[in-house]
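See below for the structure under consideration.
The values are calculated or read from the model by the stated rules, or taken from the named source; none is laboratory data. Small disclaimer: the values here were computed from a predicted structure and weren't measured. In this analysis, Cβ positions are derived from the backbone assuming ideal geometry, glycine residues included, and neighbour counts consider all displayed protein chains. Accessible surface areas use protein heavy atoms only, side chains included; no ligands, DNA or RNA. Shrake-Rupley method; radii C 1.70, N 1.55, O 1.52, S 1.80 Å.
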Amino acid sequence: FAAPCIYAVHAQASGQLLVLNAVTPSMEPTLRVGEYFLADASYYRTRPPSRGEVVVYLHPKQDQLYYIKRIVAVEGDRIAIKRGRAIVNGMTVEEPYLDSSPVEGRFAELAEIRVPLGHVYVLGDNRANSVDSRDLVAHGPVPIANLIGRVTDIAVSRHLSRMGRWVGTPSNL
(Lines give C-alpha, C1' and ligand atoms only; values in the text may rest on other atoms or scores of the structure.)
Protein backbone atom coordinates (compact mmCIF):
# COMPACT_ATOMS: atom_id res chain seq x y z
CA PHE A 1 0.00 0.00 0.00
CA ALA A 2 2.84 2.43 0.83
CA ALA A 3 4.63 2.20 -2.53
CA PRO A 4 1.62 3.29 -4.66
CA CYS A 5 0.90 6.12 -2.20
CA ILE A 6 4.49 7.37 -2.34
CA TYR A 7 4.43 7.17 -6.15
CA ALA A 8 1.12 9.06 -6.31
CA VAL A 9 2.36 11.83 -4.00
CA HIS A 10 5.59 12.19 -6.02
CA ALA A 11 3.80 12.11 -9.38
CA GLN A 12 1.24 14.66 -8.23
CA ALA A 13 3.95 16.96 -6.89
CA SER A 14 5.82 16.76 -10.21
CA GLY A 15 2.67 17.72 -12.16
CA GLN A 16 2.46 14.36 -13.96
CA LEU A 17 -0.57 13.03 -12.08
CA LEU A 18 -3.81 14.73 -11.15
CA VAL A 19 -6.21 13.47 -8.49
CA LEU A 20 -9.70 14.80 -9.21
CA ASN A 21 -13.25 14.30 -7.95
CA ALA A 22 -16.33 13.54 -10.08
CA VAL A 23 -18.87 16.15 -8.93
CA THR A 24 -21.63 15.66 -11.53
CA PRO A 25 -23.35 12.57 -12.99
CA SER A 26 -22.38 13.46 -16.59
CA MET A 27 -19.86 10.59 -16.86
CA GLU A 28 -21.92 7.90 -15.13
CA PRO A 29 -21.70 4.95 -15.10
CA THR A 30 -17.96 5.28 -15.89
CA LEU A 31 -17.29 7.80 -13.10
CA ARG A 32 -19.82 8.07 -10.31
CA VAL A 33 -20.48 11.23 -8.31
CA GLY A 34 -18.06 11.42 -5.38
CA GLU A 35 -15.41 9.13 -6.84
CA TYR A 36 -11.82 10.32 -7.03
CA PHE A 37 -9.90 9.44 -10.17
CA LEU A 38 -6.40 9.81 -11.57
CA ALA A 39 -5.42 11.65 -14.73
CA ASP A 40 -2.06 11.61 -16.51
CA ALA A 41 -1.23 15.29 -16.94
CA SER A 42 1.78 14.56 -19.16
CA TYR A 43 -0.04 12.34 -21.67
CA TYR A 44 -0.95 14.98 -24.28
CA ARG A 45 2.49 16.59 -24.19
CA THR A 46 3.77 13.81 -26.45
CA ARG A 47 0.66 12.17 -27.94
CA PRO A 48 -2.33 13.33 -29.96
CA PRO A 49 -5.82 12.75 -28.55
CA SER A 50 -7.64 9.59 -29.64
CA ARG A 51 -11.26 8.52 -29.84
CA GLY A 52 -12.50 6.81 -26.69
CA GLU A 53 -10.18 8.54 -24.24
CA VAL A 54 -11.69 10.12 -21.12
CA VAL A 55 -10.14 13.55 -20.71
CA VAL A 56 -9.89 16.42 -18.25
CA TYR A 57 -9.93 19.77 -20.03
CA LEU A 58 -10.54 23.46 -19.61
CA HIS A 59 -14.05 24.35 -20.71
CA PRO A 60 -13.87 25.97 -24.18
CA LYS A 61 -16.08 28.92 -23.25
CA GLN A 62 -15.55 29.41 -19.50
CA ASP A 63 -12.02 30.05 -18.22
CA GLN A 64 -10.87 28.12 -15.15
CA LEU A 65 -13.71 25.55 -15.33
CA TYR A 66 -12.56 21.92 -15.59
CA TYR A 67 -14.69 19.26 -17.30
CA ILE A 68 -14.39 15.50 -17.72
CA LYS A 69 -15.79 13.89 -20.88
CA ARG A 70 -14.98 11.22 -23.47
CA ILE A 71 -13.47 12.06 -26.86
CA VAL A 72 -15.72 10.58 -29.55
CA ALA A 73 -14.28 12.34 -32.60
CA VAL A 74 -11.00 14.05 -33.46
CA GLU A 75 -10.14 16.88 -35.83
CA GLY A 76 -11.43 16.27 -39.36
CA ASP A 77 -13.90 13.53 -38.34
CA ARG A 78 -17.56 13.77 -39.29
CA ILE A 79 -19.86 13.30 -36.28
CA ALA A 80 -23.63 12.90 -36.01
CA ILE A 81 -25.84 11.85 -33.10
CA LYS A 82 -28.75 9.41 -33.60
CA ARG A 83 -30.88 8.41 -30.58
CA GLY A 84 -28.03 9.61 -28.33
CA ARG A 85 -25.42 7.40 -30.03
CA ALA A 86 -22.36 8.72 -31.87
CA ILE A 87 -21.97 8.13 -35.60
CA VAL A 88 -18.37 8.92 -36.62
CA ASN A 89 -17.40 9.03 -40.29
CA GLY A 90 -20.64 7.22 -41.16
CA MET A 91 -20.17 4.33 -38.70
CA THR A 92 -21.97 3.81 -35.39
CA VAL A 93 -19.42 3.87 -32.58
CA GLU A 94 -19.36 0.86 -30.24
CA GLU A 95 -19.91 2.42 -26.83
CA PRO A 96 -19.99 -0.36 -24.21
CA TYR A 97 -19.70 2.23 -21.42
CA LEU A 98 -23.15 3.75 -22.16
CA ASP A 99 -26.41 2.91 -20.45
CA SER A 100 -28.47 1.01 -23.05
CA SER A 101 -31.69 2.98 -22.49
CA PRO A 102 -32.62 5.34 -25.34
CA VAL A 103 -31.71 9.00 -24.99
CA GLU A 104 -34.39 11.60 -25.57
CA GLY A 105 -34.39 15.36 -25.53
CA ARG A 106 -32.85 18.28 -27.31
CA PHE A 107 -29.49 16.68 -28.12
CA ALA A 108 -30.57 13.09 -28.85
CA GLU A 109 -30.50 13.79 -32.60
CA LEU A 110 -27.94 16.04 -34.30
CA ALA A 111 -27.08 16.42 -37.96
CA GLU A 112 -23.58 15.59 -39.11
CA ILE A 113 -20.84 18.19 -38.65
CA ARG A 114 -17.10 18.10 -39.20
CA VAL A 115 -14.84 18.52 -36.16
CA PRO A 116 -12.72 21.64 -36.76
CA LEU A 117 -8.95 21.34 -37.08
CA GLY A 118 -7.23 21.66 -33.72
CA HIS A 119 -10.33 20.43 -31.83
CA VAL A 120 -11.93 17.28 -30.43
CA TYR A 121 -15.61 16.45 -29.99
CA VAL A 122 -16.49 15.26 -26.50
CA LEU A 123 -19.59 13.64 -25.03
CA GLY A 124 -20.54 12.61 -21.51
CA ASP A 125 -21.18 8.91 -20.99
CA ASN A 126 -24.49 9.89 -19.36
CA ARG A 127 -25.84 11.39 -22.59
CA ALA A 128 -29.18 12.41 -21.09
CA ASN A 129 -27.45 14.47 -18.38
CA SER A 130 -24.36 16.05 -19.92
CA VAL A 131 -23.38 19.46 -21.25
CA ASP A 132 -20.83 18.67 -23.96
CA SER A 133 -19.87 19.35 -27.58
CA ARG A 134 -23.46 18.80 -28.75
CA ASP A 135 -24.38 22.19 -27.27
CA LEU A 136 -22.64 24.59 -29.64
CA VAL A 137 -23.78 27.65 -27.67
CA ALA A 138 -22.80 26.60 -24.12
CA HIS A 139 -19.85 24.29 -24.94
CA GLY A 140 -19.00 23.18 -28.51
CA PRO A 141 -15.87 21.31 -29.69
CA VAL A 142 -12.84 21.50 -27.39
CA PRO A 143 -9.52 22.98 -28.57
CA ILE A 144 -6.73 20.42 -28.28
CA ALA A 145 -4.73 23.05 -26.39
CA ASN A 146 -7.38 22.87 -23.61
CA LEU A 147 -6.70 19.18 -22.88
CA ILE A 148 -5.10 18.84 -19.46
CA GLY A 149 -4.82 15.09 -19.03
CA ARG A 150 -6.09 11.62 -19.85
CA VAL A 151 -8.12 9.93 -17.12
CA THR A 152 -6.64 6.56 -16.21
CA ASP A 153 -8.36 4.89 -13.27
CA ILE A 154 -10.56 5.27 -10.20
CA ALA A 155 -8.54 5.96 -7.06
CA VAL A 156 -11.24 6.16 -4.36
CA SER A 157 -14.85 5.00 -4.45
CA ARG A 158 -17.56 4.08 -1.93
CA HIS A 159 -17.60 0.73 -3.74
CA LEU A 160 -14.33 -1.08 -3.05
CA SER A 161 -14.72 -3.20 -6.21
CA ARG A 162 -14.45 -0.01 -8.34
CA MET A 163 -11.15 1.17 -6.82
CA GLY A 164 -8.31 0.72 -9.29
CA ARG A 165 -10.74 0.19 -12.20
CA TRP A 166 -9.30 1.33 -15.55
CA VAL A 167 -11.26 4.24 -17.03
CA GLY A 168 -9.11 4.93 -20.09
CA THR A 169 -9.81 3.94 -23.66
CA PRO A 170 -11.85 0.73 -24.00
CA SER A 171 -9.78 -1.97 -25.70
CA ASN A 172 -12.39 -2.56 -28.40
CA LEU A 173 -12.27 0.97 -29.92
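Numbers for the structure displayed
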item: Nonlocal amide H pairs with Val120, under 5 Å, H built at 1.01 Å; result: Val142, Ile144
item: Rounded tilt (10° steps) of 2-13 against the dominant C-alpha axis of the chain; result: 60
item: Helix-only [θ]222 nm of the chain, DSSP H runs n ≥ 4, -39500 (n - 2.57) each, per residue, nearest 500; result: -2500 deg cm²/dmol
item: Rounded to the nearest 20 debye, dipole of the chain from Cβ charges on Lys, Arg, Asp, Glu; result: 60
item: With all protein chains modelled, accessible area of Thr46 [1.4 Å, Å²]; result: 110
item: Long-range amide H partners of Gly149 with built H, under 5 Å; result: Val56
item: Per-residue HN-Hα couplings for region 69-74 [Karplus 6.51, -1.76, 1.60; θ = phi - 60°; Hz; x = Gly/Pro]; result: 8, 10, 6, 10, 8, 10
item: Of the trypsin sites (Lys or Arg not before Pro) in region 89-173, those whose Cβ has at most 11 other Cβ within 10 Å and which sit in DSSP loop; result: Arg106, Arg158
item: Entry for Kirkwood radius over Cα pairs in Å (calculated from the structure that is shown) out of (1) 16.4; (2) 18.6; (3) 16.8; result: (1)
item: In order through region 125-139: 3J(HN,Hα) via Karplus (6.51 cos²θ - 1.76 cosθ + 1.60), integer Hz, x for Gly, Pro; result: 5, 9, 4, 6, 9, 8, 8, 8, 4, 5, 8, 5, 7, 8, 9
item: By accessible area with a 1.4 Å probe, ligands and nucleic acids excluded, highest first: order of His139, His119, His159; result: His159, His119, His139
